[in-house]
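Written below as structure tokens is the structure these notes are about.
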Amino acid sequence: MKSKVAGIALIIGSLYYVVAEAVSATFFNASFSNAYVFHAISELGIPNLNSPLFWLMNSAFILVGLALIFGYFYRFKDFIVKNKAIISIFTLITGLGVIIVGMIHGGNPLTSGYHTLGAVMAILGGNVMLILISRSMDDFGDYQKTTLILGIFGLISFWIMFFIIGNAYMPVFERLSVYTLIIWSFITGLFLVKS
């Protein structure tokens, strides 16, 4: 029962994020495709005329962070057989980072440093967490291999994004580095529901 509850929380969090971003991008002050290609995710969460549904995007950040922390500590941690303490720390770093991104908006000079810190915690912390998880379970089957691939892909995307910050296509790599965590949350939800 605990596995199903934790799994459903992760599935809901990941699906809510995907839908919330798509709806926020639809109403963003740019075409749908331009919102995804040329505008960072955080721009969808800034309360201004460009993003009338900023609250929806920010609620998705917060829900993903809460679902991750809840799902991990309520049940998923029981599947970790080594490195449990460090993975627990990275889970908190990642979850709190996503929540910070949802609560403290970018674009404000007074708070943008905290927002950036939250984003790094979420993206870098999250992808490192995936790599650690993949090598810290009993088995190294399809689920663990997928988790490892997602983590490595996310880290590579993060570093590309980091080195092309001023490039027009930076948001593409930002999304690629974030979506690894969203995809992992979804497949982990399925993993828990089936276990």
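Values for this structure:
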{"item": "Residue list for region 141-170, restricted to those being buried (at least 21 other Cβ atoms within 10 Å of the Cβ) and either out of contact with any strand residue (DSSP E or B) (no Cβ under 9 Å at 6 or more places or on another chain) or not in a helix (DSSP H, G or I) (or both)", "result": "LEU150, GLY151, GLY154, SER157, PHE158, MET161"}
{"item": "Residue in region 89-111 that is free of Cβ contacts under 8 Å to residues at least 40 places away in the same chain, in a helix (DSSP H, G or I), surrounded by fewer than 17 Cβ atoms within 10 Å (Cβ to Cβ) and over 17 Å from the mean Cα position of the chain (by Cα) present", "result": "no"}
{"item": "ASN58 outside any loop (DSSP other than H, G, I, E, B) and within 17 Å of SER112 (Cα to Cα)", "result": "yes"}
{"item": "Number of positions in region 4-47 that are at pLDDT 95 or above, of a type in the set (Ser, Thr, Tyr) and either within 21 Å of GLY71 (Cβ to Cβ) or under 19 Å from the mean Cα position of the chain (by Cα) (or both)", "result": "5"}
{"item": "Condition met for VAL128 (in contact (Cβ under 8 Å) with a residue 60 or more places away in the chain, surrounded by fewer than 20 Cβ atoms within 10 Å (Cβ to Cβ) and within 15 Å of the chain's Cα centre (by Cα))", "result": "no"}
{"item": "Qualifying residue in region 162-181 (condition: more than 26 Å from ASN34 (Cα to Cα), free of Cβ contacts under 8 Å to residues at least 60 places away in the same chain and of a type outside the set (Phe, Trp, Tyr))", "result": "no"}
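The values are calculated or read from the model by the stated rules, or taken from the named source; none is laboratory data. Since the model is a prediction, treat every value here as computed from it, not as a measurement. Because the Cβ atoms are built from the backbone with ideal geometry, glycine has one as well, and the counts that use them run over all protein chains shown.
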